[in-house]
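What follows is a single structure, written as structure tokens, with notes after it.
The values are calculated or read from the model by the stated rules, or taken from the named source; none is laboratory data. Bear in mind the structure is a predicted one, so any value in this text is a computation, not a measurement. Note that we place each Cβ from the backbone using ideal geometry, even for glycine, and neighbour counts take in every protein chain shown.
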Amino acid sequence: SGDILYEMAWILLIGIWRPRWPSRTIAVGVFVITGLIELTQLIPFPSSLTRTLIWRLLLGTTFSFWDYPHYLLGCILGGLLLSYLRQLYLKPRSRSH
């Protein structure tokens, strides 16, 4: 599902932008924010916003409860992937005395 990849992409982008933020915090934050965005689909937006592709991609067009399991799975996988990549590429430097 695209929702899974969407969540993972946001987690990786934020992880690159804020490398000191814990992976778990980023994953939970992305889940909460995208969950809130999904809820906003229950209210009508001005048609000027939903006419443009970028806003449709960011805000969506229709509410679906079944998006939430995909969001959750994407956040779990994205958080694990970010943690793995950080361990692989951001190994702590040893201090020389």
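Tally up the residues in region 43-72 that are within 19 Å of PHE31 (Cα to Cα) and of a type in the set (S, T, N, Q), please. Walk me through it before giving the result.
First, pick out the residues of region 43-72 that are within 19 Å of PHE31 (Cα to Cα): 55-72.
Adding the requirement that they be of a type in the set (S, T, N, Q) leaves 61-62, 64.
Total meeting the criteria: 3.
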*Go through region 18-43 residue by residue and tally those that are within 14 Å of LEU90 (Cα to Cα) and either aromatic (Phe, Trp, Tyr) or touching a Gly at 6+ places or on another chain (Cβ under 6 Å) (or both).*
2
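Can you pull out every residue in region 56-77 that is more than 13 Å from GLY2 (Cα to Cα) and modelled with pLDDT of 80 or more? Talk me through it step by step, then tell me what you get.
Filtering region 56-77 for residues more than 13 Å from GLY2 (Cα to Cα) gives 56, 59, 61-65, 76-77.
The answer is THR62, PHE63, SER64, PHE65, ILE76, LEU77.
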